[in-house]
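Taken together, the values in this text are just the output of simple stated rules run on the coordinates, not laboratory data. What you are looking at is a predicted structure, and each value in this text was computed from that prediction instead of being measured. So basically every Cβ, Gly included, is an ideal-geometry build from the backbone, and we count neighbours across all protein chains shown.
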Amino acid sequence: MAAATSMPGKRPELTPRMSAKVFGECYWEVKELAAFCCSQGLPASGLKADLTKRVKDFLGGKCPERVSKVTKADRDSVVAGGLKLSTPDFRFNEYLRSFAKGTQEGLTYRDLVEGWKDAEQKRREGKQEIGKQFEYNQFTRDFFAANPGASRADMMEAWRTVRSYQGPNTYKEFRKLSK
């Protein structure tokens, strides 16, 4: 007889007393991570991966840098003729995220534009790889691939179920939970 698999525990509330291990086993929305960072005096800006690392470090006992006061002038710097709030159909895609992280050195503006165009073409063709920090997007893609006739409401119900437990937030994990 096979050993019974136990259900993962419900996701606990994010508090300063949570262990880094438990934190890492749960799904957290950016707004939850940012609110926690604000409540602890930590920087609350950046990508989800940055916020996750910041909170995990904090819960693990590392002392991350605290927020310093940012002035309006610091926030409102503008490059003349650059991107504007009115720029239509702009997506900050995976290529630009890697550029922003400084993982690609020596690029020209032409390289940046061409890389963005290539990434957008892959996205339109459905060939874009989904980054690990976009668990919801990957779950959505996998759910509809396995359930072509399902509604968005069906997918959202499944997503809410899987993310309410500790553990992976994958469609595969949802299937285990729903058995």
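May I ask you to derive the FRET efficiency for ALA145 and LYS21 from their Cβ-Cβ distance with R0 = 22 Å, giving the value to the nearest 0.05?
After rounding to 0.05, the efficiency reads 0.10.
Report, by chain and number, residues whose modeled amide H sits under 5 Å from the one on TYR165, excluding near sequence neighbours (fewer than 5 apart, same chain).
It is ARG11, by chain and number.
Just list whichever of LYS62/LYS122; LYS56/LYS172; LYS56/LYS176; LYS117/LYS179 have alpha carbons separated by over 32 Å in the model shown.
In this structure, LYS62/LYS122; LYS117/LYS179 lie more than 32 Å apart at Cα.
Calculate the spin-label point distance for VAL30 paired with LEU177, positioning each point 7 Å from the Cα along the beta-carbon direction, and give it in nanometres.
Distance between label points: 2.2 nm.
Can you compute 3J(HN,Hα) from phi for each residue in region 159-169, using the Karplus curve 6.51 cos²θ - 1.76 cosθ + 1.60 with θ = phi - 60°, rounded to whole Hz and x for Gly and Pro?
4, 4, 5, 5, 7, 7, 10, 6, x, x, 9
Using 0.36 nm per residue, how much length does the chain from ASP118 to ALA153 gain when fully extended, once their Cα-Cα distance is taken away?
Fully extending the segment from ASP118 to ALA153 adds 9.4 nm.
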